[in-house]
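Novice: Could you have a look at this structure, given as structure tokens, before my questions?
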Amino acid sequence: MTKVAVSVRGDTARIALLDGDELTEYMLWRVEQPDGVGDIYTGRITAKLPAMAGSFVDLGDETGFLPDSAGAPSLTEGDYISVQVTRAAQGGKGPRLAVLAEPPADRPGLRRRGPGPLPELMQRFPKAQIFIDDYALIARLRPMLGTRMTYKADAFDAVLEDEVAGLAEPTAALGQGAKMHIAATPALTAIDIDAGAASGDGNAKPQAQLALNIALIPAIVRQIILRN
């Protein structure tokens, strides 16, 4: 059963998507200070960047990046387009964008705010039940989510709290004795897999390590998704 647990701490709502008891997605939502994900803009292509497989887009108050894979290959500099923010600005870089199939306005700028991560999540999982530990947030979301929300004081139980706390650590256990080390820099996020459980002598060891790395791919992907 898919369910969503929401726990509010101060001005931040922590949102956990669970498949049964397994955490599958995790996100933070600053309700009064949204990060802009889901917002829709009219943008203007200011530079095509073949080396980066994308384009810079003037949004009026900032510049975003539109990957070619998100709808930009046939666009040219000066084109006006409608775009949606798919990832917030971070690390000194502007937001990541995707093209929307709707007419743009006649100048760059914000057109409308996105619904926020929780309503967006509910669009993806329309049958999921939502458990929230904050009455004020329930009241705020009632017009959008209606009776799908239930108050639960321990929406984040001890097991979920421990798993969420682990997402802030630079190392994650992957099983079979392997670990995943994560190092974020302004230019990239580096991931190193320590296949400590791989065994073998001589020529057999590289094959054993490769086999373990392949077996660990689902766990690696899960950690990348959880850590956004």
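The values are calculated or read from the model by the stated rules, or taken from the named source; none is laboratory data. Here the structure is a predicted model, which means the values were calculated and not measured. Heads up, the Cβs are rebuilt from the backbone with ideal geometry, glycines too, and the neighbour counts pull from every protein chain shown.
Novice: Would you check if Thr185 is outside the structural domain of Tyr80 (by TED's automatic domain parsing), free of Cβ contacts under 8 Å to residues at least 40 places away in the same chain and under 30 Å from Ser82 (Cα atoms)?
Specialist: Taking the combined requirement at face value, the residue does not satisfy it.
Novice: Can I ask one more? Among what's in segment 102-121 and is aliphatic (A, V, I, L, M) and at pLDDT below 90, pick the residue that is nearest to Ile15 (Cα to Cα).
Specialist: Step by step, filter segment 102-121, then rank; the result is Leu118.
Novice: Considering only residues that are closer than 26 Å to Asn228 by Cβ and of a type in the set (D, E, K, R), look in segment 77-93 and name the one that is surrounded by the most Cβ atoms within 10 Å (Cβ to Cβ). Steps first, answer last, please.
Specialist: So in segment 77-93, the residues closer than 26 Å to Asn228 by Cβ come out as 81-93.
Next cut, of a type in the set (D, E, K, R) only: 87, 93.
Values: Arg87: 17, Lys93: 14.
Per the criteria, the residue is Arg87.
Novice: On to the next question. I'd like to know if segment 66-79 contains one or more residues that are within 13 Å of Gly109 (Cβ to Cβ), in the same structural domain as Val99 (by TED's automatic domain parsing) and modelled with pLDDT of 90 or more.
Specialist: Looking for residues that are within 13 Å of Gly109 (Cβ to Cβ), in the same structural domain as Val99 (by TED's automatic domain parsing) and modelled with pLDDT of 90 or more, one finds none in segment 66-79, hence no.
Novice: If I filter segment 196-213 down to residues being modelled with pLDDT of 75 or more and within 18 Å of Ala173 (Cβ to Cβ), which single residue comes out as nearest to the chain's Cα centre (by Cα)?
Specialist: Asn213
Novice: For a quick check of your reading of the model, give me the residue pairs whose first member lies in segment 134-151 and is closer than 13 Å to Met122 by Cα, whose second is exposed (fewer than 10 other Cβ atoms within 10 Å of the Cβ) and hydroxyl-bearing (Ser, Thr, Tyr), with beta-carbon atoms closer than 9 Å and at least 6 apart or on different chains.
Specialist: Qualifying pairs under 9 Å: none.
Novice: Would you confirm, using the coordinates I've provided, whether Pro95 is of a type outside the set (A, V, I, L, M, F, W, C), within 30 Å of Arg140 (Cα to Cα) and at pLDDT 90 or above? It would help to see each step written out before you state the result.
Specialist: Details: of a type outside the set (A, V, I, L, M, F, W, C): yes; within 30 Å of Arg140 (Cα to Cα): yes; at pLDDT 90 or above: yes.
It is true that Pro95 is of a type outside the set (A, V, I, L, M, F, W, C), within 30 Å of Arg140 (Cα to Cα) and at pLDDT 90 or above.
Novice: Check off (1) closer than 27 Å to Ala187 by Cα; (2) surrounded by 17 or more Cβ atoms within 10 Å (Cβ to Cβ) for Ser74 and give me the number that stays unchecked.
Specialist: So Ser74 meets the others, but not (2).
Novice: Still on this structure, please answer the following. Give the number of residues within segment 30-43 that are out of contact with any Lys or Arg (no Cβ under 8 Å at 6 or more places or on another chain), surrounded by 19 or more Cβ atoms within 10 Å (Cβ to Cβ) and of a type outside the set (Gly, Ala, Ser).
Specialist: Final tally of qualifying residues: 1.
Novice: Would you be able to say whether some residue in segment 165-175 is in a helix (DSSP H, G or I), farther than 17 Å from Val37 by Cβ and not basic (Lys, Arg)? It would help to see each step written out before you state the result.
Specialist: So the first thing to find is which residues in segment 165-175 are in a helix (DSSP H, G or I), and the list is 165-166.
Applying the additional criterion that residues be farther than 17 Å from Val37 by Cβ yields 165-166.
Among the residues that remain, those that are also not basic (Lys, Arg) are: 165-166.
The answer is yes, given that some residue of segment 165-175 is in a helix (DSSP H, G or I), farther than 17 Å from Val37 by Cβ and not basic (Lys, Arg).
Novice: Give the residues of segment 94-108 that are farther than 16 Å from Gln33 by Cα and surrounded by 15 or more Cβ atoms within 10 Å (Cβ to Cβ), sorted by residue number.
Specialist: Passing the criteria: Gly94, Arg96, Leu97, Ala98, Val99, Leu100, Pro104, Pro108.
Novice: While we're looking at this one, here's another question. Anything in segment 130-163 that is among the hydrophobic types (A, V, I, L, M, F, W, C) and surrounded by 13 or more Cβ atoms within 10 Å (Cβ to Cβ)? List them, or say none.
Specialist: First pass over segment 130-163, keeping only residues among the hydrophobic types (A, V, I, L, M, F, W, C): 130-132, 136-139, 141, 144-145, 149, 153, 155-156, 158-160.
Across segment 130-163, the qualifying residues are Ile130, Phe131, Ile132, Leu137, Ile138, Leu141, Met144, Leu145, Met149, Ala155, Phe156, Leu160.
Novice: Turning to a different aspect of this structure: Can you name the condition, by its number, that Val4 falls short on among (1) assigned to a loop (DSSP other than H, G, I, E, B); (2) in contact (Cβ under 8 Å) with a residue 24 or more places away in the chain; (3) not charged (D, E, K, R)?
Specialist: (1)
Novice: Among the strands (runs of 3 or more DSSP E) confined wholly to segment 20-124, which include 1 or more residues that are aliphatic (A, V, I, L, M) and touching a Leu at 6+ places or on another chain (Cβ under 7 Å)? Walk me through how you get there before you give the answer.
Specialist: Numbers: elements: 22-30, 40-49, 54-58, 63-67, 80-87, 96-100, 109-112.
Where strands (runs of 3 or more DSSP E) fall fully within segment 20-124 and carry at least 1 residues being aliphatic (A, V, I, L, M) and touching a Leu at 6+ places or on another chain (Cβ under 7 Å), they are 22-30, 40-49, 54-58, 63-67, 80-87, 96-100.
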